[in-house]
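What follows is a set of notes on a single structure, which appears directly below.
Since every read-out is calculated from the coordinates, none of them should be taken as a lab result. A quick note: this is a predicted structure, and the numbers were derived from the prediction, not measured. Glycine also receives a Cβ, built like all others from the backbone with ideal geometry; neighbour counts cover every protein chain displayed.
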Amino acid sequence: MYRRQLHFENSEKGGTRKRKGGTVTPFGFRSGDKVRAEKASVIYVGWIGGYTQTQRTMNNVSVYDHNWKRIGQFSPNKVELLQRSTRLCVD
């Protein structure tokens, strides 16, 4: 689903390569799952597009609308799975 980025960061010089993209999150969501997400007492319905791990304690799940425009990044604790992705694209 996503191209591998072998040279995203130079890990030979002591650095570790950051996670970039992917289809499965460690929170039980997969790319394309329909979810309900809450931020600032506003509820959004959209689809999972991936997740970002900026620090060890900071994780966010990206949620997109039906045109794959990003609605925002949400805490996994405030995201609820509505329907598992079947990889069937329907408008």
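Select from the range 61-76 the residues that are closer than 12 Å to F29 by Cα and out of contact with any Lys or Arg (no Cβ under 8 Å at 6 or more places or on another chain) and list them in ascending order.
Residues satisfying the conditions are V61, P76.
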*Residues that are among the hydrophobic types (A, V, I, L, M, F, W, C), within 9 Å of the chain's Cα centre (by Cα) and surrounded by 20 or more Cβ atoms within 10 Å (Cβ to Cβ), drawn from the range 22-46*: F29
*Sort out which residues of the range 62-88 are hydroxyl-bearing (S, T, Y) and closer than 17 Å to E38 by Cβ, and write them in order of number.*
S62, Y64, S75
